[in-house]
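Reviewing the structure listed below.
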Number of protein chains: 2
Amino acid sequence: MTERRWGVENLPYGVFSRQGEAPRVGVRYEDRVLDLSAFLHDEVFATGSLNAFMARGRHAWHDTRALIQTKLTDDLSLAEPHLIPLDQVTLHLPIEVADYVDFYASVDHATNMGKMFRPNAEALLPNWRHLPVGYHGRSGTVVVSGTPVTRPSGQLRAGVFGPCAKLDIEAELGFVVGVPSAMGAPAGAFEDHVFGVTLLNDWSARDIQGWEAQPLGPFLGKSFATSISPWVTPLEALPRVPGRSQDPAPLDYLRRQGDWGLDIELEVLLNGVVVARPPYRSMYWTPDQMLAHMTVNGAALRTGDLYGSGTISGPEPGQRGSLMELSWNGTEPIKLPDGSVRTFLEDGDTVTITATAGGIGLGEVSGTVR
Amino acid sequence: MTERRWGVENLPYGVFSRQGEAPRVGVRYEDRVLDLSAFLHDEVFATGSLNAFMARGRHAWHDTRALIQTKLTDDLSLAEPHLIPLDQVTLHLPIEVADYVDFYASVDHATNMGKMFRPNAEALLPNWRHLPVGYHGRSGTVVVSGTPVTRPSGQLRAGVFGPCAKLDIEAELGFVVGVPSAMGAPAGAFEDHVFGVTLLNDWSARDIQGWEAQPLGPFLGKSFATSISPWVTPLEALPRVPGRSQDPAPLDYLRRQGDWGLDIELEVLLNGVVVARPPYRSMYWTPDQMLAHMTVNGAALRTGDLYGSGTISGPEPGQRGSLMELSWNGTEPIKLPDGSVRTFLEDGDTVTITATAGGIGLGEVSGTVR
């Protein structure tokens, strides 16, 4: 069993409420939530999202984190009145999502998808190694872990309407923007804008997507729901490693800004059984490159912008972050311990994605199909 | 010269301010703005966007419009203290944009694009007549008419970075959602959700888009700016006509809800010269069909959602709503009266889209390239 620490080296931010009380900002410490508005006497934490705090910028993020660490370490008794057991709170969507963008940054995932959909051509399209391919998704249907997901209906092919028969998941990381940038110029450094990381499940209706997506990309095949974890882990808490080597060398504006190949191990559980362990460090495009790309045309950033990494798949079969890949488009069913098999999701199935980064926990994003 | 009336039969809503004052909601009446918060004593109009008013729903929209019409008609002198000349106000972005979706609903536009990009294949892709193709765009870069547009830079092809050389416009209508819908179920009737119509210019960098858009659709080629008119015309003010005939007959969920083939004539002006007159009634997919499609998978609507019709092009060459089509991808330059020619936009060019609907004005959306 993977170790997951929730001590002062972790301290992810979220939004919680106790029954009858308004949602407000806290950090998770061990199995409790520290009520920050009460503990730090700062109104920025008395709101129902992290946005106002995130807008303060990286120096405020650093100083606040350091202050909490010091206070918890020096004299825990002062914090005790403001530490609420997790089982007494409801966790909410932690951010007010502005724009939601999803990338396609795993070379193993893109290669697998290419092999399945274009068996007689190069697996990777010509642009893939030159830029991080991405698209805009629907921010109004980003929901917090635990929200049930209704199986979407739609056009599955010409003249055929019905419930999606190829309901899938995509195990991703989501990067949360705190500091905005002006329209008409590229954004600044990655760590000046990005506050932290969530787990993200980009639910996907493969049949709807397959029929609708030419020439303008995914639409209803993705827009029905995107789930994120309730905890946003600050960049400072994450273990950094160099990104995967890139060939050809990226253009100047895409040059890496540092070691942002985060060392995060994900686990995908289907009805409680681990079916994959995607490693984030295997990604081709790193999050600093994605941010630079997203804004190089002068597109402004806003507080609350969320961008997904795209499905995280490693080179090994057991590291694939979607059922599409794990079952090879349904041709190699996944065997579960109870003797049942799965290609895509059935009604009642629960998918949970968890992660650990250098031993610290990132929580989970979970959803049940109804 | 096209007649454009701004009397009680029109009354579009917008957000204005006088110098030193906070933005608030008004309606345009002739060449003045009626200050609604002062005139109607309703705090919903004292805010900087139409969203709160739009959320009240169609009965409130109807009653408010009828009340204003009655008051202006019965005794204009009571309104006089609250009518401010247009040249004394600044007009702002009228709505707080939630999600922005853009469709591709003109059969003539889609056919033209197909002929240019896939000359050896069917002009329309197989899905086009079965569903209104659409995608999500960036809501954070939707700006009001008059905002300058910075020419975007980006990857133009493999290994080549630079300023966009094929900067284009797309003349569209934008539909503004007032009443939200719940996640997990389709939305209700079109007129129960959609408040009104804006003019929309979907600025497009054709070279950036061409290189990036496989397989996930347009991204940086569109996300740098989308301009809308400051006035939102209520549905009630617009002349309705039957939509264009459709073959094959659409699936049940896409069946038309009434005559929503709005009779709106657009004009596209390049540096003051009319270069196209796109007719909205020539569109294949009507806005009620687009709304039904967008939500059939259970995607929720929010107040402030904005969806574009896609480029409006009629069957005649002079009715095309993009420079790409008007110059046939640069091979047939457009001649301007001063002797100059254009294929795509040059720095300093100003594009203005205006429209009239049964004689009433819809205002304009304008932008200058810098």
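Bear in mind these aren't lab numbers, they're just calculated from the coordinates by the rules spelled out. Every value quoted in this text rests on a predicted model; they were computed, and no experiment measured them. Here the Cβ positions follow ideal geometry from the backbone for every residue, glycine too, while neighbour counts run over all protein chains shown.
Regarding the range B:166-217, what's the average projected area of the Cα-atom convex hull, expressed in nm²?
Convex hull of Cα atoms, orientation-averaged projection: 5.3 nm².
For B:Ala189, go 7 angstrom from Cα along the Cα-to-Cβ vector, then report the distances to that same point in the other copies in nm, smallest first.
5.8
Given label points at 7 Å from Cα along Cα→Cβ, what nm distances, shortest first, separate A:Glu80 from the same residue in every other copy?
Once sorted, the set of distances for A:Glu80 reads 7.4 nm.
Go ahead and estimate [θ] at 222 nm for the protein assembly as shown from helices alone: -39,500 (n - 2.57) per DSSP H run with n ≥ 4, summed, over the residue count, rounded to 500.
Helix-only estimate at 222 nm: -4500 deg cm²/dmol.
Semi-axes of the range B:13-92's equivalent ellipsoid from the Cα gyration tensor, sqrt of 5 times each eigenvalue, largest first, rounded to whole Å?
The answer is 18, 17, 10 Å, longest axis first.
Run down the lysines and flag those whose C-alpha is under 16 Å from the C-alpha of A:Lys222, throwing out any fewer than 8 positions away in its chain.
Partners found: A:Lys166.
Given R₀ = 45 Å, what would the calculated FRET efficiency be for B:Ser77 paired with B:Glu316, taking r from the Cβ atoms and rounding to 0.05?
0.40
Please compute the modelled spin-label separation between A:Val273 and B:Asp63, points set 7 Å along Cα→Cβ, answer in nm with one decimal.
Inter-label distance under the simple model: 5.8 nm.
Could you work out the mean count of beta carbons from other protein chains within 10 Å of each residue's beta carbon in B:95-103? It would help to have the intermediate numbers written out before the result.
Values: counts 0, 0, 2, 5, 10, 4, 4, 2, 2.
Average neighbour count from other chains, rounded to a whole number: 3.
Using the Karplus curve 6.51 cos²θ - 1.76 cosθ + 1.60 with θ = phi - 60°, what ³J(HN,Hα) values do you get for each residue of the range A:198-214, in whole Hz, with x for Gly and Pro?
10, 8, 9, 10, 8, 3, 9, 9, 5, 6, 4, 4, x, 7, 8, 7, 9
Give me the one-decimal Kirkwood hydrodynamic radius in Å for the range A:100-368, with the sum taken over alpha-carbon pairs.
About 18.7 Å, per the Kirkwood formula over Cα pairs.
Given contacts defined as C-alpha pairs under 8 Å and at least six residues apart, what's the relative contact order of chain A, whole-number percent? Spell out each step's value before the answer.
Working: 914 pairs, mean separation 81.4, N = 370.
Taking the mean separation of contacting Cα pairs over the length of chain A, I get 22 percent.
Pop the C-beta distance of A:Trp328 and B:Thr70 into the FRET formula with R0 = 60 Å and round what comes out to the nearest 0.05.
That pair, A:Trp328 with B:Thr70, gives E of 0.35.
Residues of A:345-356, mean number of Cβ from any other protein chain within 10 Å of their own Cβ, rounded to a whole number?
Working: counts 0, 0, 0, 0, 0, 0, 0, 0, 0, 0, 0, 0.
What the average comes to for A:345-356 is 0.
On average over all directions, what projected area in square nanometres does the range A:173-272 have, based on the convex hull of its Cα atoms?
9.7 nm²
Kirkwood Rh over Cα pairs of the protein assembly as shown into Stokes-Einstein at 20 °C, 1.002 mPa s: D in µm²/s?
The Stokes-Einstein estimate is 80 µm²/s.
If you restrict to DSSP beta bridges whose two residues both lie in chain B, what percentage is antiparallel, to the nearest 5?
Taking every DSSP beta bridge with both residues in chain B, the antiparallel ones total about 90 percent.
Between the alpha-carbon centers of the range A:4-78 and the range A:95-112, tell me the distance in whole angstrom.
Using only Cα atoms, the two centres lie 28 Å from each other.
Pick from B:Ile353, B:Ile312, B:Ile84: which is most flexible by mean-square fluctuation in a GNM of chain B where alpha carbon atoms under 10 Å apart are linked?
B:Ile84
Listing A:Met294, B:Met116 from the residue with the fewest other Cβ atoms within 10 Å to the one with the most, what is the order?
Fewest to most other Cβ atoms nearby, the residues stand as B:Met116, A:Met294.
Shape of the range B:263-370 from its Cα gyration tensor (a ≥ b ≥ c, root eigenvalues): rounded if a/c is under 1.5, otherwise prolate when a/b > b/c, or oblate?
prolate
For A:His62, A:His41, what ranking results if the residue with the fewest other Cβ atoms within 10 Å of its Cβ goes first?
Details: A:His62 13, A:His41 9.
Lowest to highest Cβ neighbour count: A:His41, A:His62.
If I take the rotation axis that carries chain A onto chain B, which residue of chain A has the nearest beta-carbon, and at how many angstrom?
Nearest-to-axis residue on chain A, with distance in whole Å, is A:Gly217, 1.
With Cβ to Cβ distances under 12 Å as the rule, what net charge do the other residues near A:Leu270 carry (K, R +1; D, E -1)?
Values: positive: A:Lys335, A:Arg342; negative: A:Asp168, A:Glu267, A:Asp338, A:Glu346, A:Asp349.
Here the count lands on -3.
According to a simple spin-label model (label point 7 Å from Cα along Cα-to-Cβ), what is the distance in nm between A:Glu236 and B:Asp87?
With each label placed 7 Å out from Cα toward Cβ, I get 5.6 nm.
Sorted by packing (mean other beta-carbon atoms within 10 Å per residue), highest first, where do A:272-281, B:172-181 land?
The most tightly packed comes first, giving B:172-181, A:272-281.
Antiparallel as a % of all DSSP beta bridges within the protein assembly as shown, to the nearest 5?
Among the beta bridges of the protein assembly as shown, antiparallel pairing accounts for roughly 90 percent.
So if I take the centroid of the Cα atoms in the range A:264-303 and the same for the range B:214-277, what is the distance between those two points in Å?
Each part reduced to its Cα centre gives a spacing of 35 Å.
Per residue of A:128-137, count partner chain C-beta atoms within 10 Å of its C-beta, then hand back the mean as an integer.
Averaged over the peptide's residues, the number is 6.
Taking amide H atoms as placed 1.01 Å from N in the peptide plane, list the residues 5 or more away in sequence, or in a different chain, whose amide H sits under 5 Å from that of B:Glu96.
The list, which skips near neighbours in sequence, is B:Leu50, B:Asn51.
Taking the Cα of B:Arg244, stepping 7 Å toward and past its beta carbon, and measuring to each backbone N in the range B:303-319: which are under 11 Å?
It comes to B:312-316, nothing else.
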